[in-house]
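Coordinate-derived values only; no laboratory data. Bear in mind that the values here come from a model prediction, so they are computed numbers and not experimental data. Heads up, the Cβs are rebuilt from the backbone with ideal geometry, glycines too, and the neighbour counts pull from every protein chain shown.
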There are 4 protein chains.
Amino acid sequence: MKSNRLTLKCLEEIVHEALNNHEGDTANYIPELANVNKELTAIAVQSFGEEMLVYSNDPLELVTLQSTGKLIPLIGLLEENGPDQLFEWVKVEPSGDEFSSITRLEQLGPKPSNPMLNAGAIMLCSHIPGVGEQQFGWLQKWTQKLFNCRLSVNPLVFSSEKRTGDRNRALAYLLHSRGILGTNVYETLDLYFTLCSYETLLDQMLYLPCLLANYGKDPVTDKQIISMETCKITLAIMATCGLYDETGTHMVNTGMPAKSGVSGYTIAVVPGKAGVAVLSPRVNAKGNSIRGEIMLKSLSERMNWHFALP
Amino acid sequence: MKSNRLTLKCLEEIVHEALNNHEGDTANYIPELANVNKELTAIAVQSFGEEMLVYSNDPLELVTLQSTGKLIPLIGLLEENGPDQLFEWVKVEPSGDEFSSITRLEQLGPKPSNPMLNAGAIMLCSHIPGVGEQQFGWLQKWTQKLFNCRLSVNPLVFSSEKRTGDRNRALAYLLHSRGILGTNVYETLDLYFTLCSYETLLDQMLYLPCLLANYGKDPVTDKQIISMETCKITLAIMATCGLYDETGTHMVNTGMPAKSGVSGYTIAVVPGKAGVAVLSPRVNAKGNSIRGEIMLKSLSERMNWHFALP
Amino acid sequence: MKSNRLTLKCLEEIVHEALNNHEGDTANYIPELANVNKELTAIAVQSFGEEMLVYSNDPLELVTLQSTGKLIPLIGLLEENGPDQLFEWVKVEPSGDEFSSITRLEQLGPKPSNPMLNAGAIMLCSHIPGVGEQQFGWLQKWTQKLFNCRLSVNPLVFSSEKRTGDRNRALAYLLHSRGILGTNVYETLDLYFTLCSYETLLDQMLYLPCLLANYGKDPVTDKQIISMETCKITLAIMATCGLYDETGTHMVNTGMPAKSGVSGYTIAVVPGKAGVAVLSPRVNAKGNSIRGEIMLKSLSERMNWHFALP
Amino acid sequence: MKSNRLTLKCLEEIVHEALNNHEGDTANYIPELANVNKELTAIAVQSFGEEMLVYSNDPLELVTLQSTGKLIPLIGLLEENGPDQLFEWVKVEPSGDEFSSITRLEQLGPKPSNPMLNAGAIMLCSHIPGVGEQQFGWLQKWTQKLFNCRLSVNPLVFSSEKRTGDRNRALAYLLHSRGILGTNVYETLDLYFTLCSYETLLDQMLYLPCLLANYGKDPVTDKQIISMETCKITLAIMATCGLYDETGTHMVNTGMPAKSGVSGYTIAVVPGKAGVAVLSPRVNAKGNSIRGEIMLKSLSERMNWHFALP
């Protein structure tokens, strides 16, 4: 059995399949997230050795990274500080609880359970090297490296995150009370909210999953951008924690390590074969895009991409 | 970059590397598990297209399946009843808690979080079709199918499990109080203890991970033994829940979906490439073989088998 | 300010006040509890130095003790084994969770949080001295002593409890898995279900709270039946744990240490002044009689009995 | 049996009994609390109709209220806003967890479990009427009323609390994220830290428990300072939640509703009979004074003050 060849027609079918589902909505705890076309449903795939395919029901818009951005400090710190240092800051275990759970941080702490939870990403942001502008510069540098272009921060979303970010402040203060936060709470959260507020178009989202699928090499130039070691760790964390307490279901359905964001993006990796990005702003109570999961499941089945099965 | 060719010499090095670690011990809550050579440290690998390799520091012994046996009702019920029915009995999410946690069953229930936890496996045992002997026959049939040979139950371990199985009784009664157990508590637990008490030699353990790595086909005859669909789901569950609340760490270290047992066995899958079984009875507090994990990590690194990376 | 003199007229008003509330129902997890007149609403009060007063809207019926019976092993074991021994079996802290919570037993264990929770009462039943019939005899003896008459066990309720008692079995097995249960699970639960299934009329319920209010002396003969020390400990446990996770609200409303049962009985104590028993089978989700609490609050206010305030 | 007459000799014996215990230490999470004579061990008792007795092993010092101050917003808001309003802000149930638990606030919320926990007191501080200086004025007014003298804030302790108060910030932000905090997080915490940092001498601590024991009337002038209704509710909350997850043990040992503070003060009430204050800065892991509890237990036994038993 061989992988089928992917066609634009196929992506069109996948999108239309997903459009049948009308559940979910934009996340209400960051009001500014509602300022998008919430019916926008799109998929972009880069199979290695083939051309990039993108299908969207409506014109693409700039949408913020939200939690997909949690990969930036994870990868950047893995590259610069190494895994041993990173694992002193966060564990890499699914917590079984929702993305902003304080209970699990209190009970399973002191370290956050994993870097895909809010607590874990906040922890990592606090350990970005440097002071003040240097930390924001570091973030900018790594964003550029991992998305292969310069991203902007959406100031309305940033402001909306900041205005409604009390739960993240609670997490940050609990971490700070344990003396393990690397930067003060305010600057840490500004870094974290910045991370979440970078915005991109769907096709720009595709570079990162391709990089991870291609063992850290740029799919075009074959230049090693991030190390194989970093790719392995990142894929393992995405496979076990990428969609919070819905990761098991996601892996059963798709077999692709992935990372979701509450804005509606999900990026997924088929190791050695392809990078995938999907977008649909209607998310469920667990913070994952509903149509996004439908598209990834359909794609995985059509292409036999489940765990890179044959 | 290509996968290296595996040699017996390489397995010997892997075993000797692991022998440097002297942490852990046999699990004390099933006293009969101590009746093995606890220094026994062995690995068996079947790369497709090559011959099976086995290296052991000491003579192989019959060792019980323990939780590796949890794959039997999972796979058998997936095959006979289908995934939709199975997912009405158990969820497929890591719980973040230890294998016999009652708290998570009470809080995240009614259904057990996943079929690799005691609660989940007990639940599935209760839904094995038939009555009485038929259920034990079903277990025997599926064990034979998935291990490609007839396994025996170790009566001393069975009796030891039964004598010390109060925590599993507590889980079963909590499930029964919710009216969702398919068989009465006593017979369900006899099925569960039987499952755990099947015993095999290390090389017999290799058939199941090979089957999963080969998309459900017998690696020799290429006959389809279990469906691709069942393989996908099983791999996804192993990748997210196979080593309980140490699965994330295992995936970071090895990138191989796996299932551990408290007797010291761990089986691991490299999709499309190989099946692996390791054995060392010294387990840690989370119920996973310490030397087993060292061997799997070393093997994964030497072979570039992490997420089937190149 | 002096306590008012209580009259039958006053009790009648209290009952009629309570009858306005139609919330709650008999507990559905013990079906046989529904076999009572669920509108029965009654109160009995013995102020010291005055005659006993009883008012009921309907004829009194025999109703089972349910959790009010948890006082029997508590008091009997305090008397025979002393507080130091008792506190090795159970703690005396409110758990903040519901009466049959397993989570708190797992997390705050090994000992149950307090003897008013199911786990705590099961634990105490297992430590009743003797073997088999001797333990049931002990229970009979102490029931007779604390209710000043011979009570019968209602076999239908006993059987109903036993048939639906899986959650209590889960608790008992979790305790047994820790090696701290004094008797095997089966006999322990038979003792526990027996305890719950003793039945009395409302006026017979009054003897125990009077005994506790009178510092352990029979209110008529002034003979010391149980020690002052036992009274103190029992009152403190009732004041902090007597109505499970509604005890704080009960104490705010009434200021009377009390113990409720899911059959609808609540007994309450005004130290030095009076014993009270109320009955109404409509209970809330926390297992406490709704009209019972209304009656106790009204009585406490009318009589200035809150914390024996003046 | 009559209450014995209390003598200074008796208090001396009680203090010396307590001095045998050398466990515990000043709380390390507020460093400034260590700036006291930690061997200071003292008791003050006002039995109604007798003169106030104070015995101390060392000269009395000004010591901060810490959590004993949580009674101030509770009583003040009960008086000014009434119980119905108060119970919309906090529940009155013991949580079973420690005083600064975030888990229980997340799980049992949105409202804090009771006003004696940090979360509950922070919540009440946020609902002190007025804005800015008015709120601090309100606190000053009620402190003066309930301690019958003007107390000062210890600026070193206030600053120490503020510097190390991250866990309280986490609680406040979690409350704020639910939209139920009445004032912004910063000002709320300044009020809360102020409350904790008022300082008094032991004999000044005695006025409040006497007020509560005397049904809200000044023990000397007999003027009604706070209402009977407020006394009832406050006593009930002290009896069930006053020493956090050690309240049950405290009530078993003493039978006196009480409130502890991590600085070493505990105040206790014998309704209708006496007010008590004890001080010893060595506290246990639960934040309660170890010698303080020894003194209260001994006093209760000597005076038969357990639940105002005879």
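Work from the charge dipole of chain B (Cβ charges, +1 for Lys and Arg, -1 for Asp and Glu, about the Cα centre) and give the residue of B:F158, B:L62, B:Y192 farthest towards its positive end.
Projecting each Cα onto the dipole axis, the largest value belongs to B:Y192.
Any chance you could check the Cα centroid distance between the stretch B:151-183 and the stretch D:264-288 for me, in angstrom?
After rounding, the separation between the Cα centres reads 49 Å.
Over chain B, what relative contact order in percent results from Cα pairs under 8 Å that are six or more residues apart? Don't skip to the end; give the middle numbers.
Numbers: 620 pairs, mean separation 84.6, N = 310.
Worked out over chain B, it gives 27 percent.
Looking at the stretch D:237-289, what % of the alpha carbon pairs are farther apart than 16 Å?
Numbers: 469 of 1378 pairs.
Result for the distance tail: 34 percent.
For the protein assembly as shown, what D do you get in µm² per second when you plug the Kirkwood radius from alpha-carbon pairs into Stokes-Einstein at 37 °C and 0.692 mPa s? If you can, show how the numbers build up before the last one.
On the way: Rh = 33.0 Å.
Here the translational diffusion coefficient equals 100 µm²/s.
Based on Cβ point charges of +1 for Lys and Arg and -1 for Asp and Glu, what charge dipole magnitude is obtained for the protein assembly as shown about its Cα centre, in debye rounded to the nearest 20?
The calculation lands at about 0 debye.
Hand me the trypsin sites (Lys or Arg not before Pro) from the stretch D:1-67 located in a DSSP loop with no more than 10 other Cβ atoms within 10 Å, in residue order please.
Qualifying residues, ordered by number: D:K2, D:R5.
In debye, nearest 20: dipole of the stretch B:67-199 around its Cα centre with unit charges on the Cβ of K, R (+) and D, E (-)?
Dipole of the stretch B:67-199, to the nearest 20 debye: 160 debye.
How would B:L62, C:L206, D:L201 line up from fewest to most surrounding beta-carbon atoms within 10 angstrom?
B:L62, D:L201, C:L206
State which stretch of chain B is the longest one without any exposed GluC sites (Glu not before Pro), exposure meaning a DSSP loop state and at most 14 other Cβ atoms within 10 Å.
B:52-310
Just to check I understand the Karplus step: with θ = phi - 60° and J = 6.51 cos²θ - 1.76 cosθ + 1.60, what whole-Hz values come out for the stretch C:104-115, glycine and proline as x?
Listing the rounded values in order: 5, 5, 5, 7, 9, x, x, 6, x, 4, 6, x Hz.
Can you work out D for the stretch B:67-199 in µm² s⁻¹ from Stokes-Einstein, where Rh is the Kirkwood radius over C-alpha pairs, the temperature is 37 °C and the viscosity is 0.692 mPa s?
Value of D from the Cα-based Kirkwood radius: 225 µm²/s.
Over the stretch B:195-301, how many percent of alpha carbon pairs lie in each 5 Å bin up to the one with the longest distance?
So the P(r) values, bin by bin, are 2, 14, 24, 26, 20, 11, 3, 0, 0.
Calculate the length of the line joining the C-alpha centroid of the stretch B:6-51 to that of the stretch D:37-80, in whole Å.
Cα centroid to Cα centroid, the span is 65 Å.
Under 20 Å between alpha carbons: how many lysine pairs meet that in the stretch B:40-147, if sequence neighbours fewer than 8 apart on the same chain are excluded?
So the count works out to 5.
Please go through the stretch A:55-152 and write out the trypsin sites (Lys or Arg not before Pro) that DSSP classes as loop and that have at most 13 other C-beta atoms within 10 Å.
Here the trypsin sites (Lys or Arg not before Pro) that fit, given the DSSP loop and packing criteria, are A:R150.
Filter chain D for me: DSSP H helices, axial length by Cα at least 27 angstrom, mean Kyte-Doolittle hydropathy not below 0.0. List them by residue number. Walk me through the numbers before you get to the answer.
Details: long enough: none.
Correct list, ordered by number: empty.
Would you grab the residues whose amide H sits under 5 Å from the one on B:Y198? Only those 5+ places off in sequence or on another chain, please, with H modelled 1.01 Å from N.
Close amide H contacts, sequence-distant or interchain: B:L65, B:Q66, B:N154.
If one computes the Cα centroid of the stretch D:115-146 and of the stretch A:204-243, what distance in Å separates the two points?
54
Can you compute the helix-only [θ] at 222 nm over chain D? Use -39500 (n - 2.57) per DSSP H run of at least 4 residues, normalise by all residues, nearest 500 deg cm²/dmol.
When only DSSP H runs of four or more count, the value is -13500 deg cm²/dmol.
For chain A, go through all pairs of different Cα atoms, get the mean of 1/r, take its inverse, and jot down that Kirkwood value in Å.
19.0
Give the aspartates and glutamates reachable from B:K297 as a straight Cα distance under 16 Å; neighbours fewer than 8 places away on the same chain don't count.
A:D84, A:E229, B:E12, B:E13, B:E17, B:E246
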